[in-house]
Amino acid sequence: MAGVYVVVEHDQGQLAPSAGEALTAARRLSDHLNEPVIAVVIGEATTEFVSLCEEHGIPKAVSVLDPQIVDYGPELWGQAMAELFSLTEARVVMATGTDRGNEILAQASARAQIPFVANCINAEFSGAWELTRMQWGGSLLEDVTLDTSSLFISYAHHSVEAEPLAAASATQIESIEMNLDPVLCRSLVQDRVTLSEGTTLSTAAVVVSGGRGVGSAEGFASLEALAGLLSGKVGCSRAVTNNGWRSHADQVGQTGTRIAPDIYIACGISGAIQHWVGAMASKNILAINTDPEANMVTKAGYAVIADLHEVVPAIIAEIERRRGNSTST
Ligand SMILES: Cc1cc2nc3c(=O)[nH]c(=O)nc-3n(C[C@H](O)[C@H](O)[C@H](O)COP(=O)(O)OP(=O)(O)OC[C@H]3O[C@@H](n4cnc5c(N)ncnc54)[C@H](O)[C@@H]3O)c2cc1C
């Protein structure tokens with residue numbers, strides 16, 4: 001059955017935070033092409049997966065099964081998607097442009113010999129495909145024209161906001177059994193190291209980040225305190241990880257984590273392009289910097305031009321004062 005097939009990313013059945021984004025982008029493309037959306041899960045269709053499809057009004061989903069699919073493997077999942085593509089004659093195969101989403105589609109497109117355009121922010125078809133995609137970590141937008149009918153597309157992570165429908169509707173699940181070559185299991189996830197539980201830097205609603213201006217590992221204590229008060233996470237720039245003040249898991253940017261919080265509080269960070277591409281999806285930015293000309297200050301919606309070692313403790317004191325007042329009145 002032709003249509004827009006969208007890979008719903010998961011890790012051992014746990015849906016990725018980007019799963020809703022993928023279904024929203026797929027629904028928009030399906031409206032544009034006037035072709036149905038078919039959600040795809042590689043492995044068993046969990047209750048969580050079915051609920052998400054129902055919230056997005058997806059009438060049909062496919063569960064791709066093979067005894068060898070016991071965990072994530074780029075070759076295995078890529079081959080499964082390539083075979084699904086030829087079995088179904090899909091018009092478009094989509095995923096979110098996360099590391100894993102891009103890896104699956106790169107593998108699948110090479111195997112199916114169909115073009116793959118990664119990290120798109122827009123895709124339209126009128127006789128030929130017209131796409132806009134992010135390059136160089138988001139600092140360059142490239143317009144792509146492709147004279148082909150079928151295509152593999154990933155949408156840049158955070159470029160679409162997940163929008164479930166007001167009313168859920170039932171999703172019918174079809175299982176497709178495959179017989180994949182065991183050689184594809186040569187790269188398979190074997191172990192996991194949990195760096196943080198619960199909210200992560202990429203999913204936090206509030207991120208309080210520090211740069212070289214923080215001055216030392218100890219200087220992050222006030223940023224930790226502020227993040228704690230706001231139920232947020234602490235991030236940092238590469239200058240900080242290079243200095244060994246924080247671990248790489250906290251780094252925001254091109255070679256770190258891409259974030260999209262409701263508010264990003266950037267303390268003593270200049271806003272170099274490699275940092276900015278990881279922070280630019282933030283909905284609001286407060287920059288605290290001594291330099292009024294710093295990139296981060298000019299890009300921020302709010303800025304305080306002062307020493308962060310005075311400003312951060314002052315914000316903490318004010319939050320505590322207001323919370324103290326609100327509990328006493
Ligand atoms: C290939 C490549 C990949 C990279 N990837 C990343 C990445 O993923 N993430 C990343 O962050 N960087 C990355 N970088 C590095 C990036 O180019 C910058 O060097 C880095 O982001 C600078 O970090 P910073 O803003 O903390 O430091 P600086 O640029 O030195 O800025 C420090 C800022 O602190 C301010 N300041 C100083 N003292 C105070 C104070 N007391 N109070 C308030 N403000 C103060 C200064 O005015 C200044 O604006 C990458 C670079 C390359 C080449």
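The values are calculated or read from the model by the stated rules, or taken from the named source; none is laboratory data. For clarity, every value in this text was computed on a predicted model and none was experimentally measured. A quick note on method: Cβ atoms are made from the backbone with ideal geometry, for glycine too, and the neighbour counts reach across all protein chains shown.
Below, the figures for the structure above:
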item	result
Any hit, segment 238-248, residues being within 8 Å of the ligand (Cβ to nearest atom) and either under 17 Å from Val206 (Cα atoms) or outside the structural domain of Ala303 (by TED's automatic domain parsing) (or both)	no
Single condition Ser282 does not satisfy, out of (1) in a loop (DSSP other than H, G, I, E, B); (2) within 12 Å of the ligand (Cβ to nearest atom); (3) of a type outside the set (Phe, Trp, Tyr)	(2)
Breaking point among (1) at pLDDT 95 or above; (2) farther than 20 Å from Gln254 by Cα; (3) of a type in the set (D, E, K, R), for Glu103	(2)
Flag if Ala80 is out of contact with any Pro (no Cβ under 9 Å at 6 or more places or on another chain), among the small types (Gly, Ala, Ser) and without any contact (Cβ under 8 Å) to a residue 60 or more places away in the chain	no
Lone unmet requirement of (1) touching a strand residue (DSSP E or B) at 6+ places or on another chain (Cβ under 7 Å); (2) crowded, with 18+ Cβ neighbours inside 10 Å; (3) not β-branched (Val, Ile, Thr) for Ser231	(2)
Candidate set from segment 1-35 (those that are part of a loop (DSSP other than H, G, I, E, B) and without any contact (Cβ under 8 Å) to a residue 40 or more places away in the chain); member that is surrounded by the most Cβ atoms within 10 Å (Cβ to Cβ)	Gly13
Number of positions in segment 285-323 that are within 11 Å of the ligand (Cβ to nearest atom) and part of a loop (DSSP other than H, G, I, E, B)	7
Residue tally, condition assigned to a loop (DSSP other than H, G, I, E, B), crowded, with 23+ Cβ neighbours inside 10 Å and within 6 Å of the ligand (Cβ to nearest atom), over segment 257-278	2
